[in-house]
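Readers should treat all values here as calculations from the given coordinates under stated rules, not as data from a laboratory. Remember, it's a predicted structure, so these values are computed and weren't measured experimentally. Reconstructed Cβ throughout: ideal geometry from the backbone, glycine too, with neighbour counts over all protein chains shown.
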Amino acid sequence: MRILNRSIRALVAAALVPAALSAQDVAIRNATIITIANGDIANGTVVVRNGKITAVGANVAVPAGVRVIDGTGKYVMPGIIDAHSHAMLEGGINEGAESVTPEVQVQVRADDPVIYRSLAGGVTAAHLMHGSANTIGGQGRVVKLRWGSSAEDMLFKGAFRIVKFALGENVTRASSTAPEDQRRFPMSRMGVDFTVRYWFTKAKEYDAEWAEYRTALRTNPAAIMPRRDLRLEALSDIMKGDLKIHSHSYRGDEILMLIRVADELGFKVHTFQHVLEGYKVADEMAKHGAMASTFADMWAYKVEAWDAIPHNMALMSQRGVTVSVNSDSDERIRRLYQEAGIGVRYGNMSVNEALKMITLNPAKQLGVDKMVGTLETGKDGDIAVFSAHPFAAEAMVEYTIVDGKVLFDRAEAPTLRKQAAQGPGGTR
């Protein structure tokens, strides 16, 4: 596997991408189009020009010179979006020396083989976050999986700035065997509550200090500028709504705690991640305006996950919460379409409402729903083409298209695997 990973990275470095993948104009014809926004279209066509969808419908003419993919018997849907991933991150991904570090940012690497494997599962965009060691952690990145591009070019321009919070056992180091005098504060849920209150109170004081300085400048050009603090600036951005909170969470009581602290101190929790007991407090989440990004069927793997149920996403959706299904895994990211199908099996969600949990809903949570998440004219040409309905047991992704570029073609995959196995130095 290490040899294969190195070889795949070498392919990227050498730009050994098939010439067909450089096209930005493409059409899929005679397929069942799952638009998400406007129902399904039988025998439909999608046309992408210059990276944008220019036509979707049953009677669409394909311009001359555009690459045409025969969609007969196939199903076409918006590219899948993963709202919680740890792929593509450089080095150690937790700044765990302190519990409050919103000033730091994750660093993205563009040669992670998981990118290509994700494309093989129809995924076209992802939210990359560090782990859950911090009460108030660092800032993540929203990326498009533009396989073969630089890390900078993968950044999804226009997406929300997002900071990760965390609650519960990971933050308090509940499973740590280190002596208490060697463990970092906080070590209890009470300590997590206090930490959030303490730092947002300091941020309010910081904002007041700068407001006082700006007022003083009007009459005193020699007024002394306060010391700049990047940590408190990030917290101030949260209170202004410029930096969105995505909070790792499990239990209903801790979810309520953060909602109440946020309401009291004047900030918003944008999305609860994992949120395995969200079904218990869905009304309170909806009232606060918080969304939810959850697992499909992960439970009882630790104490605080004991009350998780597979009906969670359906129950939260019924109560008015915007729900997405995420991977949190380099393996599950390849089959998010199957994960979303669990919402149909458990909770009787409609098929397209379940598909929203891996398309439009995560797009809303990441601030990119005006660009992706549905198949509509004017949106980005991010598309997944399946051999059968995505919820069918036999369904496989045939093509994954990002900005009109075919970045995964199942027919070409064996050739790429052979090239990767040989490596840049010849046969291994």
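Report the equivalent ellipsoid semi-axes for segment 165-235 in whole Å, largest first, defined as the square roots of five times the eigenvalues of the gyration tensor built from alpha carbon atoms.
Sorted largest first and rounded, they come to 38, 11, 8 Å.
Using the alpha carbon gyration tensor of segment 210-321, what are the three equivalent-ellipsoid semi-axes (square root of 5 times each eigenvalue), largest first, in whole Å?
Listed largest to smallest, the semi-axes of segment 210-321 are 39, 14, 10 Å.
Which listed residue (Ala282, His270, Ile255) has the Cα farthest towards the positive end of the charge dipole for segment 243-300, taking +1 on Lys and Arg C-beta and -1 on Asp and Glu C-beta about the Cα centre?
The Cα lying farthest towards the positive end belongs to His270.
Calculate the dipole size of the chain relative to its Cα centre from +1 charges on Lys and Arg beta carbons and -1 charges on Asp and Glu beta carbons; express the result in debye to the nearest 20. Walk me through the intermediate numbers first.
Working: 50 positive and 48 negative charges, 166 e Å.
Rounded to the nearest 20 debye, it is 800 debye.
For the chain, take the longest principal axis of its alpha carbons; what is the angle in degrees between that and the long axis of helix 336-345, to the nearest 10 within 0 to 90?
The answer is roughly 80 degrees.
Taking H placed 1.01 Å from N in the peptide plane, check which residues at least 5 places from Thr101 or on another chain put their amide H under 5 Å from its amide H.
Hits under the 5 Å cutoff: Ile136, Gly137.
Kindly provide log₁₀ I(q)/I(0) values, in the same order as q = 0.15, 0.26 Å⁻¹, from the Debye equation applied to equal alpha-carbon scatterers of segment 257-334.
The computed values of log10 I(q)/I(0) come out as -0.52, -1.21.
Any idea what the dipole of segment 238-376 comes to, in debye rounded to 20, about its Cα centre with Lys/Arg Cβ at +1 and Asp/Glu Cβ at -1?
Numbers: 16 positive and 18 negative charges, 54 e Å.
The calculation lands at about 260 debye.
What are the trypsin sites (Lys or Arg not before Pro) within segment 133-192 that DSSP puts in a loop, where the Cβ has at most 15 other Cβ atoms within 10 Å?
Of the trypsin sites (Lys or Arg not before Pro), the ones in loops of segment 133-192 whose Cβ has at most 15 other Cβ atoms within 10 Å are Lys157, Arg183.
Would you please report the Å³ per residue occupied by the convex hull of the alpha carbon atoms in segment 332-394?
99 Å³
Using each residue's phi in segment 62-68, evaluate 6.51 cos²θ - 1.76 cosθ + 1.60 at θ = phi - 60° and report the 3J(HN,Hα) Karplus result to the nearest Hz, with x for Gly and Pro.
Couplings: 9, x, 4, x, 8, 4, 10 Hz.
Taking a label point 7 Å from the Cα of Asn348 along the Cα→Cβ vector, which residues of segment 275-313 have an amide N closer than 12 Å to it?
none
Kindly provide the GluC sites (Glu not before Pro) of segment 287-365 that DSSP labels as loop, not H, G, I, E or B, and whose Cβ sees at most 15 other Cβ atoms within 10 Å.
Listed in order of number, the matching sites are Glu331.
Can you give me the long-range amide H partners of Met291? Hydrogens built in the peptide plane at 1.01 Å from N, cutoff under 5 Å, separation of 5 or more residues or another chain.
Those lying under 5 Å, H to H, from Met291 are Thr271, Phe272.
Read phi for every residue in segment 158-167 and hand back ³J(HN,Hα) as whole Hz from Karplus 6.51 cos²θ - 1.76 cosθ + 1.60, θ = phi - 60°, with x for Gly and Pro.
x, 6, 4, 7, 10, 10, 9, 9, 8, 10
Relative to 2.2 N^0.38 Å, what does the C-alpha radius of gyration of segment 220-264 come to as a ratio? Two decimals please.
Scaled against compact globular proteins, the figure is 1.71.
What's the ranking of 254-264, 208-218 by average number of surrounding C-beta atoms within 10 Å, highest first?
254-264, 208-218
Projected area of segment 274-376, taken from the Cα convex hull and averaged over every viewing direction, in nm²? Write out the running numbers ahead of the final one.
Working: hull surface 26.7 nm².
Seen from a random direction, the Cα hull of segment 274-376 projects 6.7 nm² on average.
Each residue of segment 28-33 in order: what ³J(HN,Hα) in whole Hz does its phi give by Karplus 6.51 cos²θ - 1.76 cosθ + 1.60, θ = phi - 60°, with x for Gly and Pro?
Rounded to whole hertz, the list is 10, 10, 6, 10, 7, 9.
What are the residues whose amide H is under 5 Å from the amide H of Val123, where those residues sit 5 or more places off or on another chain and H is modelled from the backbone?
Answer set, sorted by chain and number: Ile80.
Please give, to one decimal in nm, the separation of the simple spin-label points placed at Val68 and Glu233, each 7 Å out from Cα toward the Cβ.
5.5 nm
Compute the long axis of helix 252-265 from its Cα atoms, compare it with the longest principal axis of the Cα atoms of the chain, and write down the angle in degrees, 0 to 90, nearest 10.
So the inclination is approximately 60 degrees.
For the chain, take the longest principal axis of its alpha carbons; what is the angle in degrees between that and the long axis of helix 413-422, to the nearest 10 within 0 to 90?
The angle comes out at about 70 degrees.
Placing unit charges on C-beta atoms (Lys and Arg positive, Asp and Glu negative, everything else neutral), compute the dipole magnitude of segment 93-220 about its Cα centre in debye, rounded to 20.
380 debye
Compute the Rg to Rh ratio over the chain from the alpha carbon atoms, using the Kirkwood formula for Rh, and round to two decimal places.
In the chain, Rg relative to Rh is 1.01.
Restricting attention to the alpha-carbon atoms of segment 141-180, what are Rg (one decimal) and Dmax (integer), both in Å?
17.3, 47
Cα-Cα over 29 Å: which of Lys204/Lys302; Lys240/Lys302; Lys157/Lys356; Lys287/Lys370; Lys287/Lys364; Lys240/Lys370?
Listed pairs above 29 Å: Lys204/Lys302; Lys240/Lys302.
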